[in-house]
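Note sheet for the following structure.
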Amino acid sequence: VQLQASGGGLVQPGESLRLSCAASGRIFGTNIMGWYRQAPGVQRDLVALITTAGNTQYADSVKGRFTISRDSAKNTWYLQMDSLQPEDTALYYCTLRQRDFGYWGQGTQVTVSS
């Protein structure tokens with residue numbers, strides 16, 4: 001299984017970005033897709049998760065601003081990030097968990113700065 005994340009970039013505070021992650025390989029019908037982020041010098045933290053059934057979980061810091069979604073037919077999931085703030089600056093990793101195995105993408109950089 002390989003994950004390919006895209007969509008990062010440099011934006012100003014208050015702007016939006018949409019991250020995408022495409023999975024290839026043997027993808028099972030039941031899985032959890034998600035996003036984590038890691039800023040320099042800190043641990044990698046959960047941003048959002050979405051199950052096959054569409055149940056979602058968000059970090060408190062992004063609730064109401066970020067939205068995770070998925071297109072299971074395409075094995076692709078997204079992170080819509082609105083009202084971005086400088087503290088959202090980090091390397092964003094997409095993740096896939098299925099049958100007790102976890103997979104990580106290569107990370108895409110999001111920088112929020114004026």
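The values are calculated or read from the model by the stated rules, or taken from the named source; none is laboratory data. Predicted model, so just to flag it, every value in this text is computed and none were measured. In this analysis, Cβ positions are derived from the backbone assuming ideal geometry, glycine residues included, and neighbour counts consider all displayed protein chains. Remember, those area values only see protein heavy atoms, side chains included, never the ligands or the DNA or RNA. Shrake-Rupley method; radii C 1.70, N 1.55, O 1.52, S 1.80 Å.
The residue that is most open to solvent (accessible area, probe 1.4 Å), counting only those in segment 7-30 that are among the polar types (S, T, N, Q) and either part of a strand (DSSP E or B) or modelled with pLDDT of 95 or more (or both), is Gln12.
Where residues in segment 41-60 are outside any strand (DSSP E or B) and open to solvent by 70 Å² or more (accessible area, probe 1.4 Å), which of them is nearest to Gln2 (Cα to Cα)?
Taking segment 41-60 and keeping what is outside any strand (DSSP E or B), we get 41-44, 52-55, 59-60.
Of the ones still in play, those that are also open to solvent by 70 Å² or more (accessible area, probe 1.4 Å) are 41-44, 53, 55, 60.
Working: Gly41: 26, Val42: 25, Gln43: 23, Arg44: 20, Ala53: 22, Asn55: 23, Asp60: 29 Å.
The extreme case among them is Arg44.
For segment 64-85, the set of residues classified as more than 23 Å from Gly9 (Cβ to Cβ) and either open to solvent by 60 Å² or more (accessible area, probe 1.4 Å) or assigned to a strand (DSSP E or B) (or both) consists of Ala73 only.
Take the conditions (1) free of Cβ contacts under 8 Å to residues at least 40 places away in the same chain; (2) touching an Asp or Glu at 6+ places or on another chain (Cβ under 6 Å); Leu84 misses just one of them, which is (1).
Here is a yes/no grid of residues against (1) of a type in the set (Val, Ile, Thr); (2) at pLDDT 95 or above; (3) at negative phi:
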site	(1), (2), (3)
Phe66	no, yes, yes
Arg70	no, yes, yes
Ser83	no, yes, no
Pro86	no, yes, yes
Tyr92	no, yes, yes
Thr108	yes, yes, yes
Thr111	yes, yes, yes
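Among the candidates Thr89, Thr111, single out the residue that is touching a residue at least 60 places away in the same chain (Cβ under 8 Å), in contact with a Ser or Thr (Cβ under 7 Å, 6 or more places away or on another chain) and open to solvent by 30 Å² or more (accessible area, probe 1.4 Å). Write out each step before concluding.
Working: Thr89 fails: touching a residue at least 60 places away in the same chain (Cβ under 8 Å).
Just a single option satisfies the conditions, and that option is Thr111.
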